[in-house]
């Protein structure tokens, strides 16, 4: 009886193996006729995204004039809003995508936001942070060398001159003070990078500009935990040689946004501070908000309220 059970088990196992092998062959045959997903060409992703490439100003520039040209390149014939601390501007990129706009600055930190729109509603944004200080003393630029470079030594001189020009451009380091020694201040920047500031060379003006008042203080008044703006020149070791330091309130990312739509679609209501402009053929004209119709196409800029409305014409016109 036991032998019969053993033979039944063996026959059952063998029969199961035969069936399993048959199923495996059938599945293999089917799979060989179906193109594998991993070997199939993937469809190309399409996107309407485009970029803004800023030429100037550069992030961290220290400026001594009360306005700055903001220039760059983006998608041709797009509208671009440029929002500064004190107001908004609108321009249109030319046929090559080039744009330029003069932007007014306020004393201290200036965050400038650009938003570009194409007629289909796709948009791109870019931000830059600069510091305006009329009291900052810039270095006097050296006399430029010959216009042409004809020898290897001339080329080396040209390269050296370009490097020197870059190092002679005033820059600002912004961040929270994390360490102080007799000759250096260490900060954690807005990008969470550790930056070194040299305070050992020359006279340094320190201004406490927290709140609404500003007063000159001592360098020893800078403390760990303060948010500072150090202005000076960056050496070859990426150390900023400070000339002027502001102890100020921490930078907060501005809640400025620009939108493309019709006047009737706006979710925010204009108030007494809302300004409106008509923009056509590169010209901006101030208008009354009440002159805008619900069906008119607009670009509007908001922060905590409705700041600016631009009545726009087709960029192809």
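Quick note: the coordinates plus some simple rules give every number you see, no bench work behind them. Keep in mind that this is a model prediction, so the values were computed, not measured. As a convention, Cβ positions derive from the backbone with ideal geometry for all residues, glycine included, and neighbour counts pool all protein chains shown.
Here are the numbers for this structure:
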{"quantity": "The stretch 167-248: relative contact order as a whole-number percent, Cα under 8 Å and 6+ apart", "calculated": "35 percent"}
{"quantity": "Alpha-carbon centroid distance for the pair the stretch 230-290 / the stretch 88-104, whole angstrom", "calculated": "14 Å"}
{"quantity": "Stretch gain in nm, segment residue 73-residue 98, where the contour uses 0.36 nm per residue and the Cα spacing is subtracted", "calculated": "8.6 nm"}
{"quantity": "Protection-proxy order for peptides 70-82, 240-252, 90-102, 209-221, each taking the mean of Cβ atoms within 10 Å per residue, highest first", "calculated": "70-82, 240-252, 90-102, 209-221"}
{"quantity": "Percentage of interatomic Cα-Cα distances in the stretch 167-248 larger than 17 Å", "calculated": "39 percent"}
{"quantity": "Per-peptide average of other Cβ atoms within 10 Å, ordering 223-230, 279-286 highest first", "calculated": "223-230, 279-286"}
{"quantity": "Distance cut-off 17 Å, percentage of C-alpha pairs in the stretch 245-296 lying past it", "calculated": "54 percent"}
